[in-house]
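**Student:** The structure under discussion is supplied below as structure tokens; questions concerning it will follow.
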Amino acid sequence: MAEVSDRDLGIQNDFFNQARKSRSRITILLNSGKRLAGRIKSFDRYTLILDAGGGAEEMVFKHAIATISVGQRPAYEARHDHPTAAAGSPPGARTHEAPAPSPAPAGAAVETKVEQS
């Protein structure tokens, strides 16, 4: 496998430096599907240190990262965000939808109806 030079990491380094210097909040989606959020504290060729808040730091290996997005939600959205709020509803609005049915436990028999004509 060809060795990557520091010059080849220019775009990556510029992106990480900009996010680190501006103390932007980032969201990292890992290849496993796990989502991490925080601020970049430092990085090198293979890892980055994510300040996850509350004094917690996480070392993330770059080869495990699928995507990184930079930015914050608007302040009004962060203050009034509620899991039951409908998209496009005024802040603080709640919907009255019934919860989704939970899946049947493993090994449970599932009853199905077959109509014959």
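The values are calculated or read from the model by the stated rules, or taken from the named source; none is laboratory data. The shown structure was predicted, so the numbers you read here are calculated from the model rather than taken from an experiment. Neighbour counts are summed over all protein chains in view; Cβ atoms, including those assigned to glycine, are modelled from backbone coordinates with ideal geometry.
**Student:** Considering the stretch 51-92 alone, what residues qualify as being touching a Ser or Thr at 6+ places or on another chain (Cβ under 9 Å) and modelled with pLDDT under 50?
**Tutor:** Thr84, Ala85, Ala86, Ser89
**Student:** Could you count how many residues in the stretch 24-51 are under 10 Å from Ile65 (Cα atoms) and buried (at least 17 other Cβ atoms within 10 Å of the Cβ)?
**Tutor:** So the count comes out to 1.
**Student:** Here's something else I'd like to know. Sort out which residues of the stretch 7-50 are under 18 Å from His63 (Cα atoms), within 14 Å of the chain's Cα centre (by Cα), charged (D, E, K, R) and not in a strand (DSSP E or B), and write them in order of number.
**Tutor:** Result: Lys34, single match.
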